[in-house]
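Undergrad: Pasting a structure below so you can have a look.
The values are calculated or read from the model by the stated rules, or taken from the named source; none is laboratory data. Worth saying up front: this structure is predicted, and the values here are computed from it rather than measured. Note that each Cβ is placed from the backbone with ideal geometry, even for glycine, and that neighbours are counted across all protein chains shown.
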Amino acid sequence: MNGYRIERAGLEDLELLIPLFDGYRVFYGQDSDPGGARFFLTERLELDEAVIFMAVEGEGADRRVWGFTQLYPSFSSVSMQRLWILNDLFVDAGRRGAGLGSMLLSAAREWARSTGTKGLTLTTMTDNTAAQRLYEAMGFIKDEEMVIYDLFFEK
């Protein structure tokens, strides 16, 4: 699709991912922290605690990453199966509408299938209607029965 492809990220891709990951956090109201982004992503990849897919354009020195999705492994006690949490999905503002979100979601779905899991689960902000439309168009079903609660601790 338009010269874009999806690749699984490795440690060698950190410098390409950091600006996008930092932009994602800023989108959600956090302060920019490229150093923290580097540390966090390095730890996730080194400890094999996440799978990251990137929307890539170009080759070699011209290679650019325009979007990413990050998946975390989890489990469902009720179904007694593994599942993946689709925790992050972000596309550079200048590339939105080019189909990269759909490509990244398709890669995540195929990963979940290929690893024999129950599927994917995600949460998004209630006012992020553009993302909700995309998720529903890609086959995700909005949960009307469950309520999410959080308990966070001060740092």
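Undergrad: I need the full set of residues from segment 135-153 which are modelled with pLDDT under 90 and of a type in the set (F, W, Y), in order please.
TA: Y149
Undergrad: Just one of T126, T117 is surrounded by 15 or more Cβ atoms within 10 Å (Cβ to Cβ) and either without any contact (Cβ under 8 Å) to a residue 60 or more places away in the chain or outside any helix (DSSP H, G or I) (or both); which is it?
TA: After applying the criteria, what remains is T117.
Undergrad: Moving to a separate point now. If you check L120, L89, which single one turns out to be closer than 20 Å to E7 by Cα and touching a Lys or Arg at 6+ places or on another chain (Cβ under 7 Å)?
TA: Result: L120 is the single residue among L120, L89 that is closer than 20 Å to E7 by Cα and touching a Lys or Arg at 6+ places or on another chain (Cβ under 7 Å).
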